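Have a look at the structure below before the remarks.
What follows is calculated from the coordinates using simple rules that are stated; it is not laboratory data. This structure is a prediction, so every number in the text was calculated from the model and none was measured. Ideal geometry is used to build each Cβ from the backbone, glycine not excepted, and the neighbour counts take in all protein chains shown.
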Amino acid sequence: MNEDNGVKEELNIPFVKKKEEPAAPVRAPKRSGFHIPAPAWFGIGCAVVIGGILAGLKIRDTVIGQEFALLDASQPVFAGYSGGGYLAEEFAPENNALRMLEDEIAKRREKGRSTDALEKLIASVSCGFEKEEGFSNNENLIYACSYDTDAAEQAGIRFASTMKTYTVSGLAEYAVLDVFAGVSADWQLDESGLSIAINAPQEYLDMGISYSYSYGGDTYNGESIDIHAEFDQNVLRSYGYVVETDEITWTLGAMPELITDLHTLSEDERTALQNTVQAMLENEIAGCGNRAALSALTGSYSIEITGISHAHIDESSMNYFNDSHRFRISFDLDTNSEAFISQYGNFSASYTGSIYRMSDGSIRFLTNTVHACEFTGFFGTYSLKENGE
């Protein structure tokens with residue numbers, strides 16, 4: 001090659017094969033770790049996802065593992081008052097778990113697997129509190145579940161959280177009022193007849209509490225009655241009270257016996273009865289100023305009643321018509337008047353009514369007869385005018 005003038009010129013030399021020098025050894029790249037191409041990573045990722053799904057399905061197939069919480073975190077809501085509290089709404093913290101088991105039944109059916117054990121397990125679950133009402137503030141209530149353990153084992157289910165304790169709170173505080181304290185009932189005889197009377201403390205009546213009674217059947221035929229109390233809970237709460245019981249059974253004394261035959265009365269009983277009724281007549285005569293008017297054909301007179309001289313008891317004529325067992329107690333009256341008629345007439349007063357023997361053995365005469373301050377009659381026989389029987 002001519003290098004003059006800075007020009008390189010290739011010389012034309014016949015080809016001569018040169019001895020080849022040994023080639024330098026080729027070194028393999030140094031590896032820092034296992035290397036997977038990017039496309040491979042994508043495949044692996046898909047496999048992992050698919051595997052996770054399959055694993056999840058397997059877990060789901062056993063209802064989220066071998067141990068399954070039966071009760072969830074629900075909390076009961078209470079209402080009422082302390083000592084009389086109750087559940088304000090349905091409380092069933094096991095329902096969510098039972099729904100999941102129902103879903104599991106559907107899945108197993110789709111796969112053609114037996115669901116008998118699961119169905120038997122679901123049907124066997126029974127949960128609840130040891131009592132349903134009467135809760136008090138700060139009271140601990142246990143909610144527990146029972147189930148068929150054999151069915152659970154066959155279904156591959158192990159329940160956890162089958163019992164929980166809840167503390168009652170938030171109930172209003174009231175005093176419990178016994179509306180029957182001091183209340184009594186007994187037989188009563190008055191102008192309207194034989195009845196049962198209920199006696200109650202005035203303070204209860206002032207709070208608007210009223211009472212009534214009832215008994216089985218159309219007619220009374222026993223010794224017991226049911227006494228009912230009626231009231232407005234809101235009114236009682238305004239007084240700071242609540243009521244837990246609005247009915248009691250009360251035992252009465254023996255029912256008064258209606259006398260149907262005068263011969264069942266002793267002489268002493270007849271005498272005591274006549275004296276009682278005579279006192280009633282004396283009161284009425286005193287109310288008339290011991291005088292009564294008499295109108296006769298010969299004129300009008302004022303008759304003075306000076307005394308009661310005689311009394312006797314007879315069956316009333318009413319008994320013959322309606323079997324009412326009524327008796328007539330009559331009295332002869334001593335009178336005085338300037339008119340000759342008082343010297344030639346018979347004056348009397350009488351009461352018509354029923355006779356009862358009370359449970360204590362005493363005799364009572366029930367009548368609604370009252371007298372006017374006036375004599376009525378004719379042909380020398382006169383009696384104080386009666387109003388009522």
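Here the 3J(HN,Hα) profile of region 281-297, calculated from phi with Karplus coefficients 6.51, -1.76 and 1.60 at θ = phi - 60°, is 5, 4, 4, 5, 5, 4, x, 8, x, 6, 9, 9, 7, 9, 10, 10, 4 Hz, Gly and Pro shown as x.
For A185, the amide hydrogen comes within under 5 Å of the amide hydrogens of N199, counting only partners 5 or more places away or on other chains and with H modelled in the peptide plane.
Applying the criteria of a DSSP loop state and at most 10 other Cβ atoms within 10 Å to the GluC sites (Glu not before Pro) of region 112-145 yields E130, E132. How high is the FRET efficiency from E269 to D206, r the C-beta distance, R0 35 Å, rounded to 0.05? The pair E269/D206 has a calculated efficiency of 0.25. Derived scalar couplings between HN and Hα for region 131-139 equal 8, 9, 7, x, 7, 10, 4, 6, 7 Hz in order, rounded to whole Hz, by the Karplus curve 6.51 cos²θ - 1.76 cosθ + 1.60 (θ = phi - 60°), x for Gly and Pro.
Taking other Cβ atoms within 10 Å as a rough exposure proxy, T264, T219 sort from fewest to most as T219, T264. Here region 59-167 was treated as a single set of alpha-carbon atoms; its pair distances binned every 5 Å from 0 give 2, 11, 22, 20, 14, 11, 9, 6, 4, 1, 0 percent.
How much net charge surrounds C373 when only other residues with a Cβ under 11 Å from its Cβ are counted (Lys, Arg +1; Asp, Glu -1)? Each step should come with its number before you reach the end.
Working: positive: R291, K385; negative: E284, E374.
Neighbour charge sum, excluding C373 itself: 0.
Placing +1 on each Lys and Arg Cβ and -1 on each Asp and Glu Cβ, with no other charges, gives region 262-387 a dipole about its Cα centre of roughly 240 debye. For region 265-353, chymotrypsin sites (Phe, Trp or Tyr not before Pro) are listed when DSSP marks them as loop and at most 16 other Cβ atoms sit within 10 Å of their Cβ; the list is Y344.
Contour minus end-to-end for T245 and Q233, with contour as 0.36 nm per residue of separation and end-to-end as the Cα-Cα distance?
Values: separation 12, 0.36 × 12 = 4.32 nm, distance 1.20 nm.
Contour length minus Cα-Cα distance gives 3.1 nm.
Between amide H atoms placed 1.01 Å from N, distances below 5 Å from I259 occur with I355, Y356, R357, all of them 5 or more places distant or on a separate chain. For region 59-167, the dipole from Cβ point charges (+1 on Lys and Arg, -1 on Asp and Glu) about the Cα centre works out to 380 debye, to the nearest 20.
Put simply, the amide H of A69, placed in the peptide plane, has neighbours under 5 Å in A160, leaving out anything fewer than 5 places away on its chain. Derived scalar couplings between HN and Hα for region 170-181 equal x, 7, 5, 9, 9, 8, 7, 9, 8, 6, 10, 5 Hz in order, rounded to whole Hz, by the Karplus curve 6.51 cos²θ - 1.76 cosθ + 1.60 (θ = phi - 60°), x for Gly and Pro.
If you add up the charges near E269, with Lys and Arg at +1 and Asp and Glu at -1, over every other residue whose beta carbon is less than 14 angstrom from its beta carbon, what do you get? Once positives and negatives cancel, what remains is -2.
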